[in-house]
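This report concerns only the one structure given below.
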Amino acid sequence: GENMDRFSKNAVTKEIPNRLKRLREMIDKAVAERKAMFFKGGIAQQERELANYFKMLSYSPKPIPELEGLEKEYEQLKVTAADARKKMESELLASVKTPPDTYRGSDKERLKSMVMGAWSKRFPQEEILAVRFHADQWKNEKGWRWDKGYKRWERFDKSVLPMKVIVKNDGNTAFIYMAFINRDNLKKTENPGVDTRQGYVVKKMLMKNLKL
C-alpha cells in the first residue's frame, strides 16, 4: 500500500504532468519544424510511456482524484497529435512534384525500355506511370582496386545513371522509386538496378501532381 501511494503521488504530481508537458512541446516542435518523423518516433514513445503510467495507476486500491483530469488532458493531446500528423502528411504529400527529366543522351529510350523491362520482371503486378531521368549525365568512377581472391590489383571503370520510376499506388497516389543503369566500361556491359525498396528514399505523390 505505502509504496503504491508514494508511486501514485509522484506519478500524478511530477511524472505525468512533466511528460504531458514534454508531449505538448514535442507536438509543437514537430509542427513548427515540419518534422513528420517525430510523430512516429519521440511522440509515439511519450504516448506509450504515459499509457503505461495510467495503466499502473488503474490498479490503485485507493481512488486518485487527480487522475481524471490528467487522463483527459492525455486523450486531448493524442487527438491533437493525430490531427497535426494527418494535416502535415497531407501537406507534405501535396508538395511532392513530378521529378525532372533532364537526361538528353541518344540512348535514353533504350535505357528507359531496359529499366521498364527489368521492373516488370521484378514487380509484375505494378503499373509504371513514368520513368524520369533526373540526372543529366552519368556518374563515372575509375581506378584500381585490390582483388583479395586473385591477390592482385584490378582496374575498374564504371558509370551509373540514376532515375526515378513512378508507380501507381491507388486512384489518388503514386510511389516514386529510385532505379539505376550500371555500366561497366571495360567489359562493355549494362545492367539495370531495380532492387531499391530498401535503403533508398521512397516518396509518395498525388496523381493529380503527375505532369509528364
> Any idea which of (1) over 18 Å from Q137 (Cβ atoms); (2) assigned to a strand (DSSP E or B); (3) of a type outside the set (S, T, N, Q) is the one E190 doesn't satisfy?
Replying inline: (1)
>> Filter segment 57-101 down to the residues that are under 17 Å from I16 (Cα atoms) and outside any helix (DSSP H, G or I) and list them by number.
In response: S58, Y59, S60, P63, I64, P65, E66
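Against the condition among the hydrophobic types (A, V, I, L, M, F, W, C) and more than 30 Å from P192 (Cβ to Cβ), how does L20 come out, does it pass?
yes
Based on this model, can you work out whether D136 counts as without any contact (Cβ under 8 Å) to a residue 40 or more places away in the chain and touching an Asp or Glu at 6+ places or on another chain (Cβ under 9 Å)? First the steps, then the outcome.
Details: without any contact (Cβ under 8 Å) to a residue 40 or more places away in the chain: yes; touching an Asp or Glu at 6+ places or on another chain (Cβ under 9 Å): no.
Spelling it out, it is not the case that D136 is without any contact (Cβ under 8 Å) to a residue 40 or more places away in the chain and touching an Asp or Glu at 6+ places or on another chain (Cβ under 9 Å).
Please go through segment 102-143 and pick out each residue that is assigned to a helix (DSSP H, G or I) and either among the β-branched types (V, I, T) or touching a Ser or Thr at 6+ places or on another chain (Cβ under 9 Å) (or both).
Step one: of segment 102-143, the residues assigned to a helix (DSSP H, G or I) are 108-122.
Hit for segment 102-143 is V115, nothing else.
How about segment 102-116: which of its residues are open to solvent by 40 Å² or more (accessible area, probe 1.4 Å) and within 16 Å of M178 (Cα to Cα)? Steps first, please.
Within segment 102-116, the subset open to solvent by 40 Å² or more (accessible area, probe 1.4 Å) is 102, 104, 106, 109-110, 112-114, 116.
The answer is T102, K112, S113, M114, M116.
Could you tell me which residue of segment 52-92 is nearest to M26 (Cα to Cα), considering only residues that are of a type in the set (G, A, S) and open to solvent by 40 Å² or more (accessible area, probe 1.4 Å)?
Among those residues, the one meeting the criterion is A82.
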> For V131, all conditions in the list (1) aliphatic (A, V, I, L, M); (2) surrounded by 12 or more Cβ atoms within 10 Å (Cβ to Cβ); (3) in contact (Cβ under 8 Å) with a residue 60 or more places away in the chain hold save one; what is the number of the exception?
Replying inline: (3)
>> Being open to solvent by 60 Å² or more (accessible area, probe 1.4 Å) and acidic (D, E) is true for just one of E15, E2. Which residue is that?
In response: E2
> Name the pairs: first residue in segment 167-187 and closer than 24 Å to F156 by Cα and touching a residue at least 40 places away in the same chain (Cβ under 8 Å), second residue β-branched (V, I, T) and part of a loop (DSSP other than H, G, I, E, B), Cβ to Cβ under 9 Å, at least 6 apart or on different chains?
Replying inline: A179/V194; A179/T196
> When segment 162-177 is examined, which residues are found to be in a strand (DSSP E or B), open to solvent by 30 Å² or more (accessible area, probe 1.4 Å) and either among the hydrophobic types (A, V, I, L, M, F, W, C) or out of contact with any strand residue (DSSP E or B) (no Cβ under 6 Å at 6 or more places or on another chain) (or both)?
Replying inline: F175
> Quick one: S159 ticks every box in (1) open to solvent by 100 Å² or more (accessible area, probe 1.4 Å); (2) part of a strand (DSSP E or B); (3) of a type in the set (S, T, Y) bar one, so which box is it?
Replying inline: (1)
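The values are calculated or read from the model by the stated rules, or taken from the named source; none is laboratory data. On a predicted model such as this, the values are computed, not experimentally measured, just so you know. No Cβ is skipped: glycine too gets one built from the backbone with ideal geometry, and neighbour counts run over all protein chains shown. Accessible surface is based on the protein model in full, side chains and every heavy atom, while ligands, DNA and RNA are left aside. Shrake-Rupley method; radii C 1.70, N 1.55, O 1.52, S 1.80 Å.
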